[in-house]
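Right, one structure below, let's go through it.
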Amino acid sequence: ARVALEDVRALRAGRLAIAANELTCLYLLPVLDQFRRLYPGVSVTVQRSLASRVPGSVLDYAVDLGVTTYRPAEPGLRAIVVYRDQLVFVVPPSHPLARRSEVSITMLGSESFVAHHVASPFRDRVVDAFRTHRVTLQMPVEMPTIDAIKRFVAMGHGVALLPGISVEDELRRGELVRVPVPELAMERPLRLVLRREGEPSHAVQAFLSVVEHHATTAQGAYSFVNE
């Protein structure tokens, strides 16, 4: 028992469970890469979860940490902003707007948006922005995953508003083109969520240290700010 306990303290053993949805899981990949290189003996599980259920999973001790794009309202949780993402408007390279350096929301009334079928606070903000500017928002196609949306738009079937972190590879390869829309400039901070009470496990403490170190070395959109 003493040997097993020492293995946990030295992170030669242990477990780390994280709840994240399809999007926020993308943030975890480079951080988990560093964590696994440092602590290969720790078992890591990333559980796919609806964003709305992440805080409850953390409070119920189903997972050690959660990743969300909103600040949890539960008083028993605290959050750390770890990535400052942006909502981006993307079109296929063949689209007429792909050659524009910037467009106004008033020019998007005739565009067909490919949307995610799951409602979210950011989708509501987009709908409100179009309503405020009295522009028709057409969403004739809804898809179950962000990956499906990206591929469908790249094939030439409409346009989309997607988190910047989810389209980095496609933009780099030229499969999609980002066109700034000032009226739709929305920051999407990603947060690590953890319990306020109790001492975090050795694995959680080590993971937070890796996250903080990654933020200082990678810079860019990465951060480590307690809320």
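Taking the accessible area of the chain, probe 1.4 Å, and keeping the other protein chains in place, the carbon and sulfur fraction comes to 51%. Using a probe of 1.4 angstrom and keeping all protein chains present, the accessible surface of the range 86-134 works out to 56 square angstrom per residue. Helix 24-38 and the longest principal axis of the Cα set of the chain meet at an angle near 40°.
Report the local net charge at VAL210: Lys and Arg +1, Asp and Glu -1, summed over other residues whose C-beta lies under 13 Å from its C-beta.
In short, 0.
Full extension of the chain segment joining ASP60 with ARG84 gains 5.9 nm, where the gain is 0.36 nm per residue of separation less the Cα-Cα distance. The mean sequence separation of alpha-carbon pairs under 8 Å and at least six residues apart, normalised by the residue count of the chain, gives a relative contact order of 31 percent.
Label-to-label distance for GLN34 and GLU197 is 3.2 nm, based on points extended 7 Å past Cα in the beta-carbon direction.
Helix 121-132 and the longest principal axis of the Cα set of the chain meet at an angle near 20°. Only helices enter this figure: runs of n ≥ 4 DSSP H residues, each worth -39500 (n - 2.57), summed and divided by the residues of the chain, yield -9500 deg cm²/dmol at 222 nm to the nearest 500. Modelled label positions at HIS157 and VAL225, each set 7 Å beyond Cα in the direction of Cβ, lie 3.9 nm from each other. Label separation (ARG53 vs ARG131): 2.8 nm, computed from points 7 Å beyond Cα along the C-beta direction.
The values are calculated or read from the model by the stated rules, or taken from the named source; none is laboratory data. None of these values were measured; they are calculated from a predicted model. Here the Cβ is made from the backbone with ideal geometry for all residues, glycine too, and neighbour counts use every protein chain on show. Areas reflect the complete protein model, heavy atoms only, side chains present, ligands, DNA and RNA absent. Shrake-Rupley method; radii C 1.70, N 1.55, O 1.52, S 1.80 Å.
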